[in-house]
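Enquirer: So that we are looking at the same thing, I have put the structure below in structure tokens.
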Amino acid sequence: MVKVGMPKPCSFVKPCHLVKPVSVTRISGRYLTHQRGLPTLPVPPLQQTCERYLSALEPIVNEEELQQTKTLVDEFQKSGGDGERLQRALEKRAENTDNWLSEWWVQVAYLDYRLPVVVHSSPGLVLPQMNFSDKHGQILFAAKLIAGVLDFKSMIDNETLPVEYMGEKPLCMNQYYQVLSSCRIPGLKRDSIVNHARRSSPPKHITVIHNCQFFVLDVYNNDESPLTVEQLFGHLKHICTSSQHPDPDPVGILTTLDRDSWGKTYQNLIKDKTNSDSVSAIQRSIFTLCLDGAMPRVAEDRSSAAVQMLHGGGSQWNSANRWFDKTLQFIIGEDGTCGANYEHAPAEGPPIVALIDHVVEYTRRSEIGQAPVLTSSAVPQKLHFNVSPEMKKDIDEAKHAMNKLAQDLEMKVVVFEHFGKNIPKTYRMSPDAFIQVALQLAFYRMYQHSCATYESASLRMFRLGRTDTIRSASSASFKFVKAFDNASTQNTEKVELLEKAVRAHKWYTNMAISGQAIDRHLLGLKMLALEERSSVPAIFTDKSYSKALHYRLSTSQVPSKTDCVMCFGPVVSNGYGVCYNPMEDHINFAVSSFNTCNETNAETFAQTVRGALLDMRTLLEQTPKAKL
Ligand code: COA
């Protein structure tokens, strides 16, 4: 049985010495020893989850719906009921697996998900604008970036990557072993992931995409040493010279299709031996490097760059200059715009960002020495595709669907410059909780009600842990947002309500990262009911359950050392995707919504969040009780 109590507050400790591994020589078995020492994910007590589920519903369902759900929950958890039986089965599964949840989660959240991965699942990451604005600068930066990734890869290969900690607790490092040399494969009903990193002959090449043409670039010399920046520069120059015009039949665009259509097209594509060899080379490659053509800049801020990283801007720009199934794609524009796109199934944002932080730092230190050289050992090979008339039709359809999706997505990147983590810390509040409460206030100001809100919480304190949900809309946050603009409420009371809302959020966060949140537990119970093929208990077909899963606010904190911001699309048609990176004195936000929904507007929401943060600070400044 799991001991339940108030988990200790902890914070994510990012490795501060990534560039220097703990050892430069291989430490065989270190990874497995570390992994074996991690605790397994607990199964929370049934009654606890039922109680917390009802509390979580309070701010987002009406009284009648809540009463109906209470009756269903009582029925579910009664002695000898469905809940007890499923709970026992879940505890048994937990005893017999490394992690009772992770495999299900990857399946349900990613591999069974049939909307396109682009916008709907794969996040983009925008790096600070780099200091170049022509082809030469683009290629030089790309060469340094490849060298930086290979440097990071050597720490993964040698098992010398420093272990990360959350507070005192070491974290699961498995995701680092999943992001390179892996790829998603489309299926007819369910996709799969292949990982070539730990095979007997791991890949030694990357895929470079330029003008929608694909090239294999070997990045190791015959003596196993990584290519130098000079060598890489020479090869990239050769690739660009030999692909000066866009491919008229860009197969990469097919990876933007919905997964069922892509699964079907994929079967046809790989019937041809040349195509199948080319696809296999992309899938096996360590990562993809997309050398992008120019893009229109519609805004002064980083919103256009976010669009480029998230979906490429449509088929007329860079959406076909990608292989969206690839776990990790680095994207470099000619004008100094840089970033990445990653397929979400194998990993969350933080390991990707840690890798990228390392790479950015590496590119800053790395200078090109000798003149570029082209060694005969590793001349890049173009990948060829035979495109049938049927395939041409699929490509046209994919272009059409991608362009529609690109037009539908509104993306706004905002740098909130007034303060960062510093101000909430001054008032002894968790910065993340403070930001989440501001998001609640902004939503309430726009819609006069609260909505189901998702924030990712890391479960990496546990072996093979992925995420659970922090439900940011709480009764405490609801009381605060209702009172905030009410002229008859005193400031001292507003501050008390703010403090309570922030504490409630931090409490939920600590419960979630300790494996005691409700969402994955309920999912596990539901998955078992489905596996048993018994009828699914009524709590899962209840209106409140659908409301609880309709996340109009889907949010995530992805911190980094580099001044970057991650971005993703909304998860429901009338929702917002909000990703933020709280730095010490400013916060980077990326807010998305769909243009086809006339209830939502990313720009307005971003401005409302800005107003909420400022007003919350003013409240604290003007209220004596809050002063330190
Ligand atoms: N008073 C003063 N300082 C405080 C404080 C308080 N009451 N509470 C927290 N702080 C400090 C922390 O010590 C920490 O300090 P640091 O800047 O020196 O690191 C900082 O404020 C941030 O803490 P907090 O804002 O509470 O957030 P967190 O770092 O604990 O992160 C989550 C919270 C939920 C984001 C994190 O636990 C998590 O799970 N992250 C992973 C999310 C994820 O996977 N996202 C990707 C999905 S693709």
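The values are calculated or read from the model by the stated rules, or taken from the named source; none is laboratory data. Nothing here was measured: the structure is a model prediction, and the numbers come from that model. Neighbour counts run over all protein chains shown; Cβ positions are idealised from the backbone, glycine included. We work out accessible area using only protein heavy atoms, side chains counted, and drop any ligands, DNA or RNA first. Shrake-Rupley method; radii C 1.70, N 1.55, O 1.52, S 1.80 Å.
Enquirer: Can you tell me which of (1) within 29 Å of the chain's Cα centre (by Cα); (2) in a helix (DSSP H, G or I); (3) surrounded by fewer than 24 Cβ atoms within 10 Å (Cβ to Cβ) is the one residue 274 doesn't meet?
Expert: All conditions are met except number (1).
Enquirer: Hey, among the residues in the stretch 429-444 that are more than 8 Å from the ligand (Cβ to nearest atom) and under 22 Å from the mean Cα position of the chain (by Cα), which one's farthest from residue 482 (Cα to Cα)? Reasoning before the result, please.
Expert: At the first step, the residues of the stretch 429-444 found to be more than 8 Å from the ligand (Cβ to nearest atom) are 436-444.
Now drop any that are not under 22 Å from the mean Cα position of the chain (by Cα), which leaves 436-440.
Details: 436: 15, 437: 12, 438: 13, 439: 13, 440: 10 Å.
Looking at residues that are more than 8 Å from the ligand (Cβ to nearest atom) and under 22 Å from the mean Cα position of the chain (by Cα), I get 436.
Enquirer: If residue 610 satisfies every condition in (1) more than 16 Å from the ligand (Cβ to nearest atom); (2) surrounded by fewer than 17 Cβ atoms within 10 Å (Cβ to Cβ) but one, which is the exception?
Expert: Every listed condition holds for residue 610 apart from (2).
Enquirer: Taking the options 581, 598, 588, name whichever one is open to solvent by 30 Å² or more (accessible area, probe 1.4 Å) and out of contact with any His (no Cβ under 8 Å at 6 or more places or on another chain).
Expert: Working: 581 fails: open to solvent by 30 Å² or more (accessible area, probe 1.4 Å); 588 fails: open to solvent by 30 Å² or more (accessible area, probe 1.4 Å).
Checking each option against the conditions leaves just 598.
Enquirer: Now for a separate question. Mind listing just one residue for me: the one in the stretch 91-146 that is hydroxyl-bearing (Ser, Thr, Tyr) and surrounded by fewer than 22 Cβ atoms within 10 Å (Cβ to Cβ) and, of those, farthest from the chain's Cα centre (by Cα)?
Expert: Step by step, filter the stretch 91-146, then rank; the result is 133.
Enquirer: Going through the stretch 574-587 one residue at a time, which ones are more than 14 Å from the ligand (Cβ to nearest atom) and assigned to a strand (DSSP E or B)? If you could, list the steps in order and put the result at the bottom.
Expert: We begin by selecting, within the stretch 574-587, every residue more than 14 Å from the ligand (Cβ to nearest atom); these are 574-576.
Matches in the stretch 574-587: 576 only.
Enquirer: Could you identify the single residue in 194, 179, 208 that is in a strand (DSSP E or B) and crowded, with 20+ Cβ neighbours inside 10 Å? Step through it out loud before you land on a result.
Expert: Working: 194 fails: crowded, with 20+ Cβ neighbours inside 10 Å; 179 fails: in a strand (DSSP E or B).
Going through 194, 179, 208 in turn, the sole match is 208.
Enquirer: Quick one: what pairs do we get from the stretch 579-606, first residue assigned by TED's automatic domain parsing to the domain that holds residue 446 and closer than 24 Å to residue 404 by Cα, second of a type in the set (Asp, Glu) and surrounded by 15 or more Cβ atoms within 10 Å (Cβ to Cβ), C-beta under 6 Å, 6+ apart or different chains?
Expert: 593/410; 594/408; 595/408; 595/410; 596/408; 602/410
Enquirer: Taking interchain pairs and intrachain pairs at least six residues apart, which have beta carbon atoms under 6 angstrom, with the first residue in the stretch 118-138 and closer than 14 Å to residue 566 by Cα and the second open to solvent by 10 Å² or more (accessible area, probe 1.4 Å) and part of a loop (DSSP other than H, G, I, E, B)?
Expert: As it stands, the answer is 121/344; 122/344; 123/568; 126/302; 128/563, since those pairs meet every condition given.
Enquirer: Output the number of the condition that residue 156 fails; it satisfies all remaining conditions of (1) crowded, with 16+ Cβ neighbours inside 10 Å; (2) within 16 Å of the ligand (Cβ to nearest atom).
Expert: Unmet condition: (2).
Enquirer: If you check 307, 298, which single one turns out to be free of Cβ contacts under 8 Å to residues at least 60 places away in the same chain and either touching a Ser or Thr at 6+ places or on another chain (Cβ under 8 Å) or part of a helix (DSSP H, G or I) (or both)?
Expert: On the way: 307 fails: free of Cβ contacts under 8 Å to residues at least 60 places away in the same chain.
Testing whether each residue is free of Cβ contacts under 8 Å to residues at least 60 places away in the same chain and either touching a Ser or Thr at 6+ places or on another chain (Cβ under 8 Å) or part of a helix (DSSP H, G or I) (or both) leaves just 298.
Enquirer: Does residue 426 satisfy the criteria of being surrounded by fewer than 20 Cβ atoms within 10 Å (Cβ to Cβ), touching a helix residue (DSSP H, G or I) at 6+ places or on another chain (Cβ under 9 Å) and polar (S, T, N, Q)? Outline the logic, then answer.
Expert: Details: surrounded by fewer than 20 Cβ atoms within 10 Å (Cβ to Cβ): yes; touching a helix residue (DSSP H, G or I) at 6+ places or on another chain (Cβ under 9 Å): yes; polar (S, T, N, Q): yes.
Here the answer is yes, as residue 426 does meet what is asked.
Enquirer: Within the stretch 340-357, restricting attention to residues that are closer than 23 Å to residue 191 by Cα, crowded, with 22+ Cβ neighbours inside 10 Å and among the aliphatic types (A, V, I, L, M), which residue is nearest to the ligand (Cβ to nearest atom)?
Expert: Initially, the stretch 340-357 is screened for residues closer than 23 Å to residue 191 by Cα, giving 340-349, 351-352.
If we keep only those that are crowded, with 22+ Cβ neighbours inside 10 Å too, we end up with 340-343, 345-346, 349, 351-352.
Now narrow it down to the ones that are among the aliphatic types (A, V, I, L, M): 340, 345, 352.
Details: 340: 13, 345: 12, 352: 8 Å.
Here the answer is 352.
Enquirer: In this structure, does residue 569 turn out to be closer than 24 Å to residue 444 by Cβ and surrounded by fewer than 23 Cβ atoms within 10 Å (Cβ to Cβ)? Give the derivation first.
Expert: Numbers: closer than 24 Å to residue 444 by Cβ: yes; surrounded by fewer than 23 Cβ atoms within 10 Å (Cβ to Cβ): no.
No.
Enquirer: Does residue 400 satisfy the condition of being out of contact with any Gly (no Cβ under 6 Å at 6 or more places or on another chain), of a type outside the set (A, V, I, L, M) and either outside the structural domain of residue 497 (by TED's automatic domain parsing) or within 14 Å of the ligand (Cβ to nearest atom) (or both)?
Expert: Working: out of contact with any Gly (no Cβ under 6 Å at 6 or more places or on another chain): yes; of a type outside the set (A, V, I, L, M): yes; either outside the structural domain of residue 497 (by TED's automatic domain parsing) or within 14 Å of the ligand (Cβ to nearest atom) (or both): yes.
The answer is yes for residue 400.
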